[in-house]
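As structure tokens, the structure follows; a few thoughts come after it.
Laboratory data are not the source of any read-out in this text; all were calculated from the coordinates shown. These numbers were taken from a predicted model, which means no experiment stands behind them. Backbone-built Cβ (ideal geometry, glycine too); neighbour counts: all protein chains shown.
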């Protein structure tokens with residue numbers, strides 16, 4: 001190689017190196033921005049209405065020259081994005097992804113979304129569109145309390161019953177949450193459970209006893225897990241767990257003698273009654289033992305006592321002497337659910353009393369008291385025994401009286 005050729009070759013190399021060094025600094029506006037990759041929700045996803053707001057997430061675009069990027073999210077009801085319903089922007093997120101939270105969308109519709117990234121001087125292309133569906137709006141009304149209702153009694157393990165929630169929209173399987181508290185504010189909740197919806201009504205019975213002779217509150221709420229929807233709680237109801245007895249000094253005695261201070265010499269051993277056929281049998285240890293007396297002056301008809309009923313009406317216990325008992329007699333007929341109050345010849349409000357199946361009723365036996373002091377023998381009685389009213393025509397305390 002001649003000396004002249006080598007000179008020009010070296011000169012050419014120097015000029016080419018200078019050109020490479022200059023090309024590392026790109027001119028303004030020449031950054032490259034790729035399309036983001038859509039991450040979630042998945043294409044074709046069905047999103048329950050109650051799971052809103054929807055969060056859209058993408059994997060960040062590739063941006064040359066480390067330029068700061070802004071992401072534009074568009075949501076439309078058509079794939080051509082002619083009917084856009086929301087547009088959201090956000091700076092690039094950290095950890096390689098960017099998200100925006102949408103405002104609430106109307107239910108029962110399909111939505112399309114895409115995203116593009118842009119810098120101060122460059123705008124990338126929109127991503128391929130993806131779609132999702134928002135489920136129909138589900139509205140659940142509060143269930144309606146059936147039993148026990150406020151002012152009533154319940155056992156130490158009362159069965160709480162509601163009429164099922166009414167609703168709009170396509171619901172999934174409903175469940176009901178029951179809560180019991182000693183506070184009207186339900187703080188704290190003493191017992192609770194979630195049970196599947198029943199047929200027309202839903203019930204729950206606690207697995208543990210509540211303290212006796214105490215007041216409690218309960219309510220229930222409906223849930224649709226499929227649509228993440230819930231109702232408000234039902235109107236709270238109060239009930240008192242069954243007392244072991246009744247304080248007779250607080251009882252309003254109807255028409256007949258107040259026997260609070262009569263000597264307690266008797267004991268009820270069992271009670272068998274049915275408001276459907278009207279039989280009332282109260283077995284007691286003084287049956288056939290107490291002295292007898294003429295029935296309204298008739299020496300041919302002897303009686304030894306009376307059955308008693310006690311009803312809890314509007315927060316007050318009322319007592320009325322019932323049928324006369326002949327010597328050794330423990331059963332009386334005609335004690336029908338719908339007739340016991342009107343036929344008792346008691347004062348108000350017992351004269352219209354029709355005990356509901358499951359209603360707590362007080363029972364007592366005494367020596368003759370209905371026409372006191374006529375027919376008086378000895379002033380003796382049994383303690384009061386509390387027992388729910390039974391009517392074999394009904395399976396639930398909420399059913400109406402059949403006449």
* Extending each Cα 7 Å along its Cβ direction at residue 106 and residue 131, get the distance between those two points in nm, one decimal. => 1.7
* Asked: What per residue convex hull volume, in Å³, do the alpha-carbon atoms of segment 160-302 yield?
  -> 210
* To do: Over all alpha-carbon pairs of segment 37-134, lay out the pair-distance distribution in 5 Å bins, whole %, shortest bin first.
  => 3, 13, 26, 25, 17, 10, 5, 2, 0
* Asked: Hey, what number do you get for the chain at 222 nm if only DSSP H runs of n ≥ 4 count, each worth -39500 (n - 2.57), divided across all residues, to the nearest 500?
  -> -2000 deg cm²/dmol
* To do: Can you tell me the 0 to 90 degree angle between the C-alpha axis of helix 3-23 and the longest principal axis of the chain, rounded to 10?
  => 30
* **Extension gain (nm, one decimal) between residue 66 and residue 279, 0.36 nm per residue minus Cα-Cα** => 67.4 nm
* Which whole-number percentage describes the relative contact order of the chain, with Cα contacts under 8 Å and a sequence gap of 6 or more? -> 12
* Structure fact -> Here the gain from full extension of residue 46 to residue 185, 0.36 nm per residue of separation minus their alpha-carbon distance, amounts to 46.3 nm
* Asked: What FRET efficiency comes out for the pair residue 173/residue 99, r = Cβ-Cβ distance, R0 = 35 Å, nearest 0.05?
  -> 0.65
* Structure fact -> Largest-first semi-axes in Å of the equivalent ellipsoid built from the Cα gyration tensor of segment 140-188 are 25, 13, 10
* Given the alpha-carbon gyration tensor of segment 248-388, what are the semi-axes of its equivalent ellipsoid in whole angstrom, ordered largest first, with each equal to the square root of 5 times an eigenvalue? -> 22, 16, 15
* Tell me, what is the Rg over Rh of segment 220-311, with Rh the Kirkwood radius over Cα pairs? -> 1.24
* Structure fact -> Computed from the beta carbon distance with a Förster radius of 56 Å, FRET efficiency for residue 329 and residue 166 to the nearest 0.05 stands at 0.60
* Structure fact -> Taking N as the residue count of segment 139-241, its alpha carbon Rg divided by 2.2 N^0.38 Å gives 1.04
* To do: Distance from a point 7 Å along Cα→Cβ of residue 121 to each backbone N in segment 86-101: keep the residues under 14 Å and list them by number.
  => none
* Just how far, in whole angstrom, is segment 122-147 from segment 163-226 if you go by their alpha carbon centroids? -> 27
* Any idea how far apart residue 244 and residue 226 come out in nm if each label point goes 7 Å out from Cα toward Cβ? -> 5.1
* Structure fact -> If the label point sits 7 Å along Cα→Cβ of residue 236, residues of segment 122-157 with amide N under 18 Å come out as 142-154
* Of 151, 172, 297, which is the most mobile in a GNM of the chain whose springs link Cα atoms less than 10 angstrom apart? -> 297
* Asked: Highest GNM mean-square fluctuation, the chain, Cα pairs closer than 10 Å: which of 272, 379, 121?
  -> 121
* Most fluctuating residue given options 37, 229, 240, as computed from a GNM of the chain linking Cα atoms under 10 Å -> 37
* To do: Could you list the residues of segment 352-377 with an amide nitrogen less than 14 Å from a label point located 7 Å from the Cα of residue 265 in the Cα-to-C-beta direction?
  => 366-368, 376-377
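Ranked by Cβ crowding within 10 angstrom, fewest neighbours first, how are 250, 337 ordered?
250, 337
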* Asked: Shape of the chain from its Cα gyration tensor (a ≥ b ≥ c, root eigenvalues): rounded if a/c is under 1.5, otherwise prolate when a/b > b/c, or oblate?
  -> prolate
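Working out 0.36 nm times the residue gap between residue 209 and residue 77, then minus their Cα-Cα distance, what length gain in nm do you get to one decimal?
Net length gain for the segment: 41.9 nm.
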